[in-house]
1. So in the range 335-371, with the set limited to residues that are of a type in the set (Lys, Arg) and without any contact (Cβ under 8 Å) to a residue 40 or more places away in the chain, which one is surrounded by the most Cβ atoms within 10 Å (Cβ to Cβ)?
2. Of (1) surrounded by 12 or more Cβ atoms within 10 Å (Cβ to Cβ); (2) out of contact with any Cys (no Cβ under 8 Å at 6 or more places or on another chain); (3) assigned to a loop (DSSP other than H, G, I, E, B), Ser421 satisfies all except one. Which?
3. Residues Lys10, Lys15: which one is assigned to a helix (DSSP H, G or I) and charged (D, E, K, R)?
4. Of the residues Tyr81, Tyr126, which single one is on the phi < 0 side of the Ramachandran plot and out of contact with any strand residue (DSSP E or B) (no Cβ under 9 Å at 6 or more places or on another chain)?
5. Quick check on my filter: what residues within the range 90-108 are of a type in the set (Val, Ile, Thr) and over 15 Å from Asn152 (Cβ atoms)?
6. Which residues, counting only those in the range 251-277, are over 22 Å from Thr45 (Cα atoms), in contact with a Lys or Arg (Cβ under 9 Å, 6 or more places away or on another chain) and assigned to a strand (DSSP E or B)?
7. Looking only at residues in the range 407-452 that are more than 10 Å from Ile394 (Cα to Cα) and among the basic types (Lys, Arg), which one is nearest to the chain's Cα centre (by Cα)?
8. Can you pull out the residues in the range 275-305 that are closer than 30 Å to Ala204 by Cα and of a type in the set (Phe, Trp, Tyr)?
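Here, each number is a calculation from the coordinates, and none is a lab measurement. Just so it is clear, the model here is predicted, and its values are computed rather than measured. Note that each Cβ is placed from the backbone with ideal geometry, even for glycine, and that neighbours are counted across all protein chains shown.
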Amino acid sequence: MSKTIKDINKKIEKKRAIVVNAEEMIHIVREIGPKRAAEEVDVVTTGTFGAMCSSGVWVNFGHSQPPIKMSRVWLNDVEAYTGVAAVDAYIGATQISESLGMRYGGAHVIEDLVSRRPVIVRAEAYGTDCYPRKTLETEITIDDLNQALMSNPRNAYQKYAVAINSSKKIIYTYMGKLLPNFGNATYSGAGELSPIMNDSSFKAIGIGTRIFLGGAHGYITGSGTQHDPNNEFSTLMVQGNLKKMSREFLRAAVFKGYGCTLYIGIGVPIPVLNVEIAKSTGISNSEIFTSVLDYGIPSRNRPVLKKVSYEELKSGVIEINGRKVKTSPLSSFLMAKKIAETLKKWIRNGSFYLTESVEKLPLGESAKPMLQRKPLIAQPHVRQRFLLPEGQYIYKDDQRCIHCGLCLSICPKGVFRRENSWKILVDSIKCNRCGVCSDVCPVEAIQVAEAS
C-alpha cells in the first residue's frame with residue numbers, strides 16, 4: 001500500500017489528514033507496526049531548534065536619491081556583504097559588530113529586524129556616473145525593505161558530535177563552555193525529533209519541500225554545505241521570507257569566546273507514503289548514536305572517545321573512562337517539540353500543504369577537510385594585452401566573446417555587425433583606431449591597437 005503527496009493534500013484540504021509528531025509516531029510504530037502505521041498515518045512532523053551559525057539574510061534596501069552602488073554597508077555597525085549589486089546585501093549571522101565585538105552581531109541584527117526594531121544602515125561607495133552617491137546613513141525597519149530573504153547554507157544537522165574537554169583548562173567553543181578534565185559534555189541536535197533523522201535516505205523530502213522555518217513557511221533549496229550522508233551528518237540548505245517569521249522561533253545568541261550565532265526553528269513534514277518511510281519515522285533516541293570528541297585537542301582529527309545514544313545523552317549523564325560526566329544540550333528539546341506541534345496544527349487546519357520535491361537530495365557523499373598547500377601562483381590571473389600584427393588595428397577573441405552586442409552601437413565606423421543568429425562579426429578593414437570600443441567589452445574580448 002502506498003500513497004502520494006497529492007492524496008495526502010486532498011485529505012489536508014478536507015481536514016481529514018492524520019498528522020502526528022515524530023515522538024508520537026515512535027509509539028504508533030511499536031504498537032501496530034510500520035505496515036499499519038503507513039496505512040493510518042499521513043504525515044509525521046519533526047522539529048529542531050538549535051544554534052545554526054551558517055545562516056543569514058539577503059536584504060534589498062531600494063535605491064536612494066541620488067543612487068548609490070554600495071561597496072561596503074553596515075547594519076547597526078555589523079558589516080554585510082555587498083559584492084552582488086547596488087543595494088543588495090547579505091548579513092551573516094556570525095559577523096560581529098565593529099564597535100561592540102562579540103556582544104552583538106549579524107544574528108542580533110536579524111532578530112532586531114524580525115522584532116520590527118529600527119536598524120541604522122551606513123554605506124560607502126566609490127561613486128560612478130550612474131551611482132554618484134558615495135556615503136549614506138539612514139534608519140530602517142524590516143517593513144522598509146523591499147525583500148528580506150533568509151537564505152541559510154547549512155542548517156538542521158542530522159545529528160552532531162558530543163564535545164568534551166580532556167585538557168587542564170576551561171575552553172570556550174561553539175559547543176559552549178567545556179570544563180577541564182572531562183568536567184562536562186555538551187551536545188546538539190533534536191534526536192528522534194530531528195527532521196533528517198526521520199528520513200535519512202531522503203525518500204520523502206528533497207529540493208522544493210515546503211518546511212516550517214522561523215515561524216513561517218520556507219523551503220529546502222538543496223543539501224547544505226558539509227553535507228555528509230556517508231557519516232550520518234547530512235544538512236539542509238533552506239530559505240524563507242524573514243518578514244513573515246517570528247522572534248519566538250528565531251533568537252540571536254552569543255557563545256563566550258566563540259562569537260555570535262542564531263537559533264532557528266526548523267520543522268519538516270514527512271509524508272508517510274509507504275511502509276519504508278513509516279519505519280524510518282519510528283526511530284527513537286535509543287537507536288540514534290553519535291561520537292564523543294575531545295575538544296581539548298586542537299585538531300580537526302579529534303579522537304573519538306566512544307559512541308553514545310541520544311537516550312543516554314538526554315538522561316543527563318554519560319560514562320567516560322569509568323567516570324560519570326554530566327551532559328547538557330545546546331538545542332532546545334522544548335522548542336523542537338513546540339515546532340513539531342505547531343506544524344502539526346498548521347497541517348491539520350489546512351493552512352500548510354505538502355509539496356513534491358523537484359529533485360532528491362544526494363546520498364553517498366562525504367564532507368572533506370580543507371586542502372592546504374603552498375599556492376603555486378603569486379597573483380590572480382589578469383588578461384594581458386599583446387602586440388597585433390602589422391596593419392591590423394583590431395582583434396576580437398572569439399573564445400572570450402559572448403556575443404552580447406554592446407559593441408554594435410558604439411563604433412562610428414560600423415566595424416561590428418551581427419548575423420541573424422546574433423553572432424558578432426568584425427570587419428577589421430573599417431577600423432581607424434579611434435578606440436571608443438576598447439573599454440566597452442565587458443569580457444575584454446576586443447583589443448584595439450594604439451594610434452602611433
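1. Here the answer is Lys345.
2. Ser421 satisfies all of (1) surrounded by 12 or more Cβ atoms within 10 Å (Cβ to Cβ); (2) out of contact with any Cys (no Cβ under 8 Å at 6 or more places or on another chain); (3) assigned to a loop (DSSP other than H, G, I, E, B) except (1).
3. Answer to the check: Lys10.
4. Every option except Tyr126 fails the conditions.
5. Ile96
6. Val254, Phe255, Cys260, Leu262
7. Taking the candidates together, the pick is Lys423.
8. Selection gives Phe289 alone.
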